[in-house]
Amino acid sequence: MDALNDVAVFVQVVSRGSFTAAADTLGLSKSVVSKYVTRLEDRLGARLLNRTTRRLSLTEVGRAFFERSQRGLLEIEEAEAEVSRLQGEPRGELRLSSPMSFGILHLAPLLPALQARYPELTVDMVLDDRKVDLVEEGFDLAIRIGELPDSSLVARRLGPCRHVVCGSPAYFARNGIPQSPEDLSQHAVITYRYANAPDEWHFLAADGGHRQVTVTSRIKMNSSLALREALLNGAGVTLTPTFVVGADIRAGRLRAVLQGYRAMEVSIYAVYPQRKHLSPKIRAFVDFLAEHIKDPPCWDAD
């Protein structure tokens, strides 16, 4: 068993990027983690990691060993998951990545209900607008919004993600209401930096015609929640998902405009690595989300 433990610790060190991070994940001291890796290298008679005070890097033989070991540990995890599935109770830690705004507004509020349903399941939710590498960074699944590139990941559509042009009533009282997409050139536009083409907005007119406008950003932001705060305080107009501003529009804090033009619509997905036997914790969590994110979702219900 020592040999398997050594391999598991080594994989954690590489996946987490440091001895300290691996120690925190495993609940061990840094010195004990280092001892496991050193013992593994001694047994193999090969150096697996190059260590400096600033970073770790895999040797050539270390990379080959890591890739084989990671696959082997995954097979063991899947075997254990199969037993857990037969027992019928999702358990263990679920490591989840989500865009920040969606995680704060729509995932975090669901966690109490998830805990009540699956008391043996724990969640490590990392909120980050960048697209993480699920396998390299050790995530069980991620929430992705938008068009998905071809990949080895499995994707389950959870619901639509609609977009709307909006601003505060006070802003429109000062600057007027745009009647067509072209009118946006006369307005203070706020854009989301991580959009695929933040300065190109696409609309479908009532007659079915496609309209594209290039906007000039007065303000650019990398956070949808910060962008929402700017809107609420009258900074300008933006094109943003309704899951960010739907409640504000219903409450009258923001106003949707250009109602004769339908803005872009994409989808919300749960994605996870391809596995022959999906672990009960992933299956249960994705099914749970699918129950709560429907078409139309709650933020578009009105």
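The values are calculated or read from the model by the stated rules, or taken from the named source; none is laboratory data. Small disclaimer: the values here were computed from a predicted structure and weren't measured. Note that we place each Cβ from the backbone using ideal geometry, even for glycine, and neighbour counts take in every protein chain shown. These area figures cover heavy atoms from the full protein model, side chains too; ligands, DNA and RNA do not enter into them. Shrake-Rupley method; radii C 1.70, N 1.55, O 1.52, S 1.80 Å.
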Can you check how the C-alpha radius of gyration of the range 10-141 compares to 2.2 N^0.38 Å, as a plain ratio? 1.23
Rounded to the angstrom and largest first, Cα extents along the principal axes for the range 202-242 equal 34, 21, 18
Measure of size requested: the Rg and Dmax of the range 151-302, with Cα atoms as the atom set and Å as the unit; please supply both. 17.5, 58
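Suppose a student asked you for the relative contact order of the chain, using Cα pairs under 8 Å spaced at least 6 residues apart; what percent would you report?
On the way: 460 pairs, mean separation 65.7, N = 302.
Relative contact order here is 22 percent.
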Name the residues of the range 252-281 whose amide N is less than 20 Å from a point 7 angstrom out from the Cα of Ser151 along the C-beta direction? 266-279
If you roll a 1.4 Å probe over the heavy atoms of the protein chains, what accessible area per residue do you get for the range 161-302, in Å²? 49
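Please compute the per residue accessible area over the range 1-155 with all protein chains in place, 1.4 Å probe, rounded to a whole number of Å².
Numbers: 8870 Å² over 155 residues.
Accessible surface, normalised per residue, equals 57 Å².
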Give me the one-decimal nm value for the distance between modelled label points at Thr216 and Ala21, 7 Å along each residue's Cα-to-Cβ direction. 4.2
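Sort Leu73, Leu4, Leu96 by accessible area with a 1.4 Å probe, largest first.
Values: Leu73 45, Leu4 70, Leu96 0 Å².
Highest to lowest solvent-accessible surface, that is Leu4, Leu73, Leu96.
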If r is the Cβ-Cβ distance from Met264 to Gln115 and R0 is 35 Å, what FRET efficiency results, to the nearest 0.05? 0.50
Find how much the distance from Thr59 to Val32 grows on full extension, using 0.36 nm per residue of separation minus their present alpha carbon separation; answer in nm with one decimal. 7.6 nm
Excluding residues fewer than 8 places away in the same chain, name every one of the lysines whose C-alpha is closer than 27 Å to that of Lys131. Lys220, Lys276, Lys281, Lys294
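Using Cα-Cα distances under 8 Å and only pairs 6 or more residues apart, what relative contact order does the range 10-108 have, in percent?
Working: 52 pairs, mean separation 17.8, N = 99.
The value is 18 percent.
Stretch Ala195-Lys131 to full length: gain in nm at 0.36 nm per residue minus the Cα-Cα span? Don't skip to the end; give the middle numbers.
Numbers: separation 64, 0.36 × 64 = 23.04 nm, distance 1.23 nm.
Gain on stretching Ala195 to Lys131: 21.8 nm.
Return one quarter of the surface area of the convex hull spanned by the alpha-carbon atoms of the chain, equal to its mean projected area, in nm². Could the numbers behind the result be given before it?
Working: hull surface 76.6 nm².
For the Cα atoms of the chain, the hull's average projected area reads 19.2 nm².
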